[in-house]
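Peer 1: Just dropping this structure here.
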Amino acid sequence: MTDNRQDTKRLSLTKPLDEMAIREISSNVRGQVIRQQDDGYDEARTVFYGGFDRHPVAIVRVTDSTDVSRVVAIAREMGLELAVKSGGHSLAAHSTTDGGIVLDLSEMKNLKIDVSGRTAWAETGLTAGEYTAATGAHGLATGFGDTGSVGIGGITLGGGVGYLVRKYGLTIDDVLAAEIVTADGELLRVDAERYPDLLWAIRGGGGNFGVVSRFRYRLHEVDTIVGGMLVLPARPEVIASFVAEAEAAPEELSTIANVMVAPPMPFLPEEVHGHLVVMAMLVYAGEIEAGERAVAPFRALATPIVDELKPMPYPEIYPPEEGDYHPVGSARTMFLDAIDLPVAETIADHLRASSAQMAVAQIRVLGGAMARVPAGATAFAHRSSRIMVNVAALYERPDEAPVHEPWLTAFAAALRQGEGGAYVGFLGEEGEDRIREAYPGSTWERLADIKGRYDPTNLFRLNQNVRPGAQPKSDAVT
Ligand SMILES: Cc1cc2nc3c(=O)[nH]c(=O)nc-3n(C[C@H](O)[C@H](O)[C@H](O)COP(=O)(O)OP(=O)(O)OC[C@H]3O[C@@H](n4cnc5c(N)ncnc54)[C@H](O)[C@@H]3O)c2cc1C
């Protein structure tokens with residue numbers, strides 16, 4: 001989540017080729033084209049994470065798939081780097097570029113909900129929170145992650161691990177179809193019959209294959225849930241027992257537990273500030289009484305510091321967020337088999353030793369519906385992984401990275417079990433070996449093969465990149 005690139009200075013002069021590209025784009029797309037000299041440029045080039053100061057030649061706020069096709073074609077023909085931005089939350093800042101074009105989907109928010117058919121076509125400028133609020137009005141939901149401002153584009157393409165993961169699986173397990181503009185500028189309707197190879201690849205393979213203008217999702221009946229925040233003191237035995245309870249819980253219950261040194265936040269009593277806490281979010285998607293029974297063992301682990309668990313409409317799980325929050329930091333993602341007492345002690349010890357403004361170990365117990373999908377059915381191969389852990393350090397300035405990176409590396413190494421692995425959605429700029437850990441075994445070869453067919457020149461390379469394998473064009477049925 002910090003910038004590894006050397007050349008981040010402002011590009012003060014627009015080169016003639018760039019001017020040509022801007023003219024070409026401006027006369028061919030309907031959406032707004034924001035150039036370096038335009039008002040709003042600095043806001044438009046901002047991504048969620050701070051510490052990235054990149055200067056695209058232009059940001060193009062596309063309005064529809066025709067605009068998307070044109071921008072893709074112009075970027076390809078003029079050899080411009082192309083960044084694709086949905087919600088802008090990439091940990092590696094892949095949705096911005098120095099000297100290239102940002103294809104910004106944020107104006108594309110069309111959502112067509114088929115209430116009786118339990119499906120929705122959603123444009124990828126929508127955020128998880130916007131989608132969930134709109135479908136929630138019908139008592140329906142598709143599972144995304146823990147943060148409402150994350151774009152449905154990025155989270156879906158990576159897999160999508162959230163509050164409904166044990167009950168309904170990953171976000172990609174609800175993807176029925178998609179419309180995608182490939183590197184040649186063509187708009188393809190992708191589903192199980194047409195382009196099944198692409199449908200497989202975009203369910204976990206990230207933005208490697210083209211620009212998804214919209215997804216068709218399955219919706220589930222998720223109305224009132226039992227859930228919210230529970231904060232407990234993070235003694236190692238509480239951490240380990242929390243994980244054990246989360247594993248033993250019915251599949252209706254998914255949990256995300258942030259173990260961290262309590263920040264001075266107003267909702268936390270002053271006496272816990274600076275002490276380790278488990279700040280957990282729980283969601284039980286089922287009957288209210290059964291939900292109350294399911295969350296009871298978590299409340300009983302220790303005297304809760306904050307207990308906001310209650311029946312509530314599902315969309316309320318995404319509270320309003322501060323628009324100008326741009327944290328700077330670094331993170332590591334991994335899968336673990338178990339968090340027993342010694343592992344919990346390791347977590348607590350490392351968190352206490354960090355000098356970062358905020359250090360956190362985020363624990364997500366998996367299983368349930370997610371684990372019943374065969375590992376080879378989508379490009380997300382970690383179906384049998386039991387626990388996902390992300391460790392992160394947030395700090396004030398990017399130049400603090402050399403202090404916190406070694407801490408993170410040591411923390412991740414101390415936790416590593418077996419193959420390790422990585423969730424592509426939580427990878428930063430960590431190199432090809434780590435991308436291969438996200439796509440183990442035959443998943444990598446299959447992705448490279450499909451990439452070779454649909455993006456042989458690697459136009460879509462600002463992502464956790466799978467380089468194209470040498471292959472002839474698709475054998476897909478159209
Ligand atoms: C605060 C925070 C919380 C998070 N919580 C979760 C969570 O609970 N669960 C989880 O699974 N993940 C989570 N993530 C990870 C998140 O899913 C990824 O960072 C994701 O890529 C962000 O999507 P975005 O659209 O907001 O980001 P962007 O930066 O806009 O996109 C990221 C990349 O995805 C690709 N991309 C995006 N949209 C498209 C598109 N329409 N077509 C083609 N390529 C596209 C591009 O390569 C782009 O660079 C979280 C991230 C953050 C920062």
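FYI, it's all coordinate maths here, none of it is from the lab. Please read these numbers as outputs of a predicted model, since none were measured by experiment. Positions of Cβ are backbone-derived with ideal geometry, glycine not excepted, and every protein chain shown enters the neighbour counts.
Peer 1: Using only Cα atoms, figure out Rg for region 178-321 and give it as a multiple of 2.2 N^0.38 Å.
Peer 2: Compared with the compact-globule rule of thumb, region 178-321 sits at 1.40.
Peer 1: For a quick size check, give me the Cα extents of the chain along its three principal axes, largest first, whole Å.
Peer 2: If we take the Cα atoms of the chain, the spans are 64, 51, 41 Å.
Peer 1: Looking at the calculated P(r) for region 204-282, what percent of the C-alpha pair distances fall above 14 Å?
Peer 2: The proportion of pairs with Cα distances above 14 Å equals 72 percent.
Peer 1: Considering all alpha-carbon pairs of region 30-178, what whole percent are spaced by more than 19 angstrom?
Peer 2: When all Cα pairs of region 30-178 are counted, 54 percent exceed 19 Å.
Peer 1: Going down the list Lys109/Lys451; Lys15/Lys109; Lys15/Lys451; Lys15/Lys85; Lys85/Lys112, which pairs span over 29 Å between their C-alpha atoms?
Peer 2: Lys15/Lys109; Lys15/Lys451
Peer 1: Please report Rg (one decimal) and Dmax (integer) in Å for the Cα set of region 243-333.
Peer 2: When restricted to Cα atoms, region 243-333 yields Rg and Dmax of 14.9, 41 Å.
Peer 1: Between helix 288-299 and the chain, what is the angle of the helix's C-alpha long axis to the longest principal axis, kept within 0 to 90° and rounded to the nearest 10?
Peer 2: 70 degrees
Peer 1: Further question: All other residues with a Cβ under 14 Å from the Cβ of Glu345 taken together, and with Lys, Arg as +1 and Asp, Glu as -1, what is their net charge?
Peer 2: So the environment of Glu345 carries a net charge of -1.
Peer 1: For region 66-174, what is the relative contact order in percent, using Cα pairs closer than 8 Å and at least 6 residues apart in sequence?
Peer 2: Result for region 66-174 is 20 percent.
Peer 1: Once both axes come from the Cα atoms, what is the angle between helix 442-454 and the longest principal axis of the chain, in degrees from 0 to 90, rounded to 10?
Peer 2: Roughly 30 degrees between the two axes.
Peer 1: Percent of Cα-Cα pairs per 5 Å bin, from 0 to the last occupied bin, for region 176-230, please list those.
Peer 2: Per 5 Å bin, starting at zero, the Cα-Cα P(r) for region 176-230 comes out as 4, 17, 25, 18, 7, 7, 9, 7, 3, 1 percent.
Peer 1: Also, I was wondering about something else. Calculated FRET efficiency, Ser26 and Glu321, Cβ-Cβ r, R0 35 Å, to nearest 0.05?
Peer 2: Plugging the Cβ-Cβ distance into 1/(1 + (r/R0)^6) gives 0.60.
Peer 1: Hey, another quick one. When DSSP beta bridges are limited to those with both residues in the chain, what percentage is antiparallel, rounded to the nearest 5?
Peer 2: Beta bridges within the chain, antiparallel portion: roughly 90 percent.
Peer 1: Using only alpha carbon positions, build the gyration tensor of region 42-96, then give the equivalent ellipsoid semi-axes as the square roots of 5 times its eigenvalues, largest first, whole angstrom.
Peer 2: Values for region 42-96, descending: 21, 12, 10 Å.
Peer 1: A further question on this structure: Round to a whole angstrom and tell me the spacing of the C-alpha centers of region 203-273 and region 85-113.
Peer 2: If you average the Cα positions of each part, the centres end up 25 Å apart.
Peer 1: Provide, for q = 0.24, 0.29 Å⁻¹, the log10 of I(q)/I(0) from a solvent-free Debye sum over equal Cα point scatterers in region 225-269.
Peer 2: -1.00, -1.20
Peer 1: Between Ala470 and Arg436, how many nm apart are label points set 7 Å from Cα along the C-beta direction?
Peer 2: Simple spin-label model gives 1.9 nm for this pair.
Peer 1: If I fit a long axis through the Cα atoms of helix 16-28 and take the longest principal axis of the Cα atoms of the chain, what angle between them do I get, 0 to 90°, rounded to 10?
Peer 2: The angle comes out near 80 degrees.
Peer 1: Given an 8 Å cut-off on Cα distances and at least 6 residues of separation, report the relative contact order of the chain as a percent.
Peer 2: Relative contact order for the chain comes out at 16 percent.
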